[in-house]
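Let me begin by presenting the structure, written as structure tokens, before commenting on it.
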Amino acid sequence: MGRVRFSGSYSSVEEEGGYSRYKVLKGEQVSLYAVANTGYQFTQWSDGESSNPYSFIAENDRTLSAAFEVQPLTPIETEFVTLNASSVNLDESLSGSLNLDPSIN
């Protein structure tokens, strides 16, 4: 789905069970970046904030996680073209040229 990247000054970081716990000084500026995997998009942080990156001043202990959802497929507009062969010129090896007259339908 994705991962969270931390930006800011910290005194230590603990990694446990796929989670990272950063210790920062009270009053420090912190920024979190939600980085979505291919096919996913970031929706919001666990506290309801939707800014990405999410920057704030560390005032108290917080636990935040990023929510991701499957990225909707974008429809591709297509335009069909009919090609009418007006002449074909082939040599003995069956290679040659083909003159085409495109007309848009």
Of those in the range 18-55 that are under 11 Å from Ser7 (Cα atoms), over 16 Å from the mean Cα position of the chain (by Cα) and among the aromatic types (Phe, Trp, Tyr), the residue modelled with the lowest pLDDT is Tyr22
With the requirement that a residue be over 19 Å from the mean Cα position of the chain (by Cα) and surrounded by 11 or more Cβ atoms within 10 Å (Cβ to Cβ), what does the range 63-74 give you? Leu64
Taking the range 1-60 on its own, how many of its residues are in contact (Cβ under 8 Å) with a residue 24 or more places away in the chain, part of a strand (DSSP E or B), of a type in the set (S, T, N, Q) and closer than 23 Å to Gln71 by Cβ? 2
Which residue is surrounded by the most Cβ atoms within 10 Å (Cβ to Cβ), if the candidates are limited to the range 1-57 and must be β-branched (Val, Ile, Thr) and out of contact with any Asp or Glu (no Cβ under 6 Å at 6 or more places or on another chain)? Val30
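The values are calculated or read from the model by the stated rules, or taken from the named source; none is laboratory data. Worth saying up front: this structure is predicted, and the values here are computed from it rather than measured. Note that each Cβ is placed from the backbone with ideal geometry, even for glycine, and that neighbours are counted across all protein chains shown.
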